[in-house]
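To keep things clear, I will list the structure first and then write my remarks on it.
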Amino acid sequence: MGGSILRALLKNAGHPRIISLDLQPPSKKSSGFRHYNVDLTESHAHEVLLEIFKKEGCQALIHSAFFTLPPHNLEESHELHSIGTMHLLYAAAKASIRKLILSSTTDVYGAFPDNPNFLTEDHPARGYKLSPFLKDRIDAERQFLDFSRKHPRCEKPQTVVTILRAATILGPHVSNFKTHFLQNPVVPMVLGYDPLFQFVHESDLVRAFLQVIFEDHPGVYNIVGNGVLPLSRAISIAGKVPLPIPETLLTSLATTGWYLNVAPTPPDHINFLKYLCIADGQHAWENLNWRPVYTSQEALLSFTGKTLWMSLRAKRSNPKIASSTSSPRNDRV
Amino acid sequence: MNPLGPWAEDLEKALKLEQLSKNIKPFLDQMEKTFLNEKGFDWQSFQGAFQQYFQHWMEQQGVSKKTLEDLQQALQILWKDWFQPRFFQETLFNLARVYFLQQATESSVDEFGMDPKVVEAVRPLFQFLYKDYWRVSVEGARHLPAKGRGIIISNHSGMLPYDAAMIHLAAYNEHSAKRHIRFLVEDFVYHFPFLGTFIHRIGGVRACPENAAWLLKKNNLVIVFPEGVKGLGKLYEDRYQLQRFGRGGFVRLAIRTKTPIIPCAVIGAEEIHPVLWRSQILAKSMGIPYLPVTPTFPWLGPLGLIPLPTKWEIIFGKPISFSKYKAKDAEDDLLVHKLAEQVREKIQEMVDKSIKKRASIWF
């Protein structure tokens, strides 16, 4: 995702300076931005970051240094998600960075049978009950919110903290555990359950990021596409074969698959195949001056690459950010 | 000599197996002679002979021919009027079509997961329940608004939310606007596989203030059962005694969104599953709020879930408007409780009046 945002920023001429922070240098050589290799899990990461921030005079920071696949090593994930965010915020406070943007996901709400059909931003994030992976994401969010409380807007310089919770991101260039799930020829479902799903297209998400970079929108926003799809429908649109499996069997299969490194997610995520986890995008539509171009269904079609006209349509309505190349696994902008 | 020993021989004798097979042999021979021709086994003449034999046997037992004929006629009527093969074929065919022949690019469900195709497919089934099984009669359908939002408040009963489906059909059949009422369902149904998904697809929405507010914002007619699970699992001895109306959330909603409330009384639903006793310990282990014990359930298994064919009446009352209250009044707990109690009394009154009038629960 970070790569796409970077390219979109580069295309928007007139922006002063962009730096990218990552474990490895970018896969493609491109000019226009400077790159630093940083490892957020190191104990002196905040000193390294502070040095870079001061040297470059950073104004805004997008934090999207998260695993796109739930990692097998939970300690490593905790180090990166929770402790890495801590290092980042230490350095940001010291360097008095004005704007902090966190990329999060609507999964943090968790899928539960007692969820309302549309989760607003005020709804408590209960995903920590499901999996440690989501727990760390929620912890990162909490740290950002604490940061905005410690550094209120009345202070000089004003700090703006924005959290964007994106629904399942789909698009021709995205790769995360949900796209892996939909790419198998046979997609497992839980027998007797057919929850509604919601998607957002990668270019819509990039536009939302640009919006909060160039304008001040403090707060939490759900970034989702219009409309919902039942899982069975989504699978049939993707041209795959749905395979309903009784829950107990699926849980044991997922557990085995997870330890054998075959399944894309640990079995904790099975609730997402049973219950609703749909976010309400009203708040972002009204306040961000941003609208999704793709509906959920169109995002899925674009992901499956079935329709050429869909990408043409996106180019027409949004010529700047229609094309973006593959994004590496861990991105830090 | 039997290879198993002398005792096995004794056993065989005791069971008279030899005699039994000797008796059966001529019977089978006779059957073959009569019914087996060159075309194979003749089922039709076998059925006729069996019927004759059965009648003869019944007469021997002391059942008169008249009673037998009556019984036969009743069965025929049942078969023709209730279990018409066409009706079942239609429903099954529609459901199959919906699930197997979906067009991949066509958008299907609305934002709450209702699939219009599924609604159309199951409508004949519910129309059968409405027209033939429970013979629902409707009073005061004119009180339903032709457009704009509204909250229908009703008494709740019957183990499964059949009453919601019948109120939905009452509005669809009897009101000229043919409105689709959305109903709020207790969230325990969503714990179950199949049932939760099915209720979603036919238009049910999980009961919570957020969902109700969203539906009203989109100018829907919404059925709310403030009794909730307490009403659904009402004991038979408590029938038509309206339970406490929650914490009056529907009044708050009505005041905030300036929505009229339409009181509704459903008569007949409270007898379809006479709950004699509720088991809470068993239910807890199954993750449901209660496990009802009726004369038929769980003794007859899934068959015990067939509701009784009582006679239903649905009465819509005059709309109650809370427009004179301001949004601030919704915070006043005492006022909200008082207004909820008023609505409850109104519905109780409608229920009592109708029960006095009816002669039997079956007709």
Problem set entry | Search result, residues across region A:188-228 that are within 14 Å of another protein chain (Cβ to nearest Cβ) and either under 16 Å from A:Ile270 (Cβ atoms) or assigned to a helix (DSSP H, G or I) (or both) | A:Met189, A:Val190, A:Leu191, A:Gly192, A:Tyr193, A:Asp194, A:Pro195, A:Phe197
Problem set entry | Close pairs (8 angstrom Cβ cut-off, 6 or more residues apart or separate chains): over 20 Å from A:Ile5 (Cα atoms) and free of Cβ contacts under 8 Å to residues at least 12 places away in the same chain in region A:43-67, buried (at least 18 other Cβ atoms within 10 Å of the Cβ) and of a type in the set (Lys, Arg) anywhere | none
Exercise. In region B:179-231, what count of residues is obtained for those that are hydrophobic (A, V, I, L, M, F, W, C), within 14 Å of chain A (Cβ to nearest Cβ), outside any strand (DSSP E or B) and within 22 Å of B:Arg244 (Cβ to Cβ)?
Worked result: 6
For this session: Could you please give the count of residues in region B:313-342 that are in a helix (DSSP H, G or I), under 16 Å from B:Ile153 (Cβ atoms) and not acidic (Asp, Glu)?
Result: 6
Problem set entry | Qualifying residues in region A:76-130 (those that are among the acidic types (Asp, Glu) and at pLDDT 90 or above) - the one nearest to the chain's Cα centre (by Cα) | A:Asp107
Problem set entry | Subset tally (residues that are charged (D, E, K, R), under 20 Å from A:Thr162 (Cα atoms) and within 14 Å of another protein chain (Cβ to nearest Cβ)) for region A:68-114 | 0
For this session: Output yes when any residue across region A:180-197 is under 30 Å from B:Val205 (Cα atoms), free of Cβ contacts under 8 Å to residues at least 40 places away in the same chain and hydroxyl-bearing (Ser, Thr, Tyr), and no when none is.
Result: no
Seminar exercise, completed: The number of residues in region B:222-248 that are buried (at least 19 other Cβ atoms within 10 Å of the Cβ) and over 22 Å from the mean Cα position of the chain (by Cα) is 2
For this session: Just need a number here: residues in region A:213-231 that are buried (at least 20 other Cβ atoms within 10 Å of the Cβ) and small (Gly, Ala, Ser).
Result: 1
Exercise. Yes or no: A:Leu40 touching a strand residue (DSSP E or B) at 6+ places or on another chain (Cβ under 7 Å), of a type in the set (A, V, I, L, M) and modelled with pLDDT of 75 or more?
Worked result: no
Problem set entry | Of the criteria (1) surrounded by 17 or more Cβ atoms within 10 Å (Cβ to Cβ); (2) on the phi > 0 side of the Ramachandran plot, which one B:Asn219 fails | (1)
Exercise. Is it the case that region A:158-168 has a residue that's farther than 30 Å from A:Pro244 by Cα, at pLDDT below 90 and in a loop (DSSP other than H, G, I, E, B)?
Worked result: yes
Exercise. If we only count helices (runs of 4 or more DSSP H) wholly inside region A:9-110, which ones have 1 or more residues that are under 29 Å from A:Arg149 (Cβ atoms) and in contact with a Gly (Cβ under 9 Å, 6 or more places away or on another chain)?
Worked result: A:45-56
Seminar exercise, completed: Going through (1) buried (at least 17 other Cβ atoms within 10 Å of the Cβ); (2) under 15 Å from A:Gly192 (Cα atoms) one by one, A:Leu243 fails only at (1)
Problem set entry | Verdict on B:Leu125 being at pLDDT below 90 and either over 30 Å from A:Gly281 (Cα atoms) or aliphatic (A, V, I, L, M) (or both) | yes
Problem set entry | Count of residues meeting criterion [within 30 Å of A:Leu250 (Cα to Cα) and either buried (at least 19 other Cβ atoms within 10 Å of the Cβ) or touching a His at 6+ places or on another chain (Cβ under 9 Å) (or both)] in region B:198-216 | 9
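The values are calculated or read from the model by the stated rules, or taken from the named source; none is laboratory data. Predicted, not measured: the structure shown is a model, and the values here were computed from it. Glycine gets a Cβ as well: all are built from the backbone with ideal geometry, and neighbour counts include every protein chain shown.
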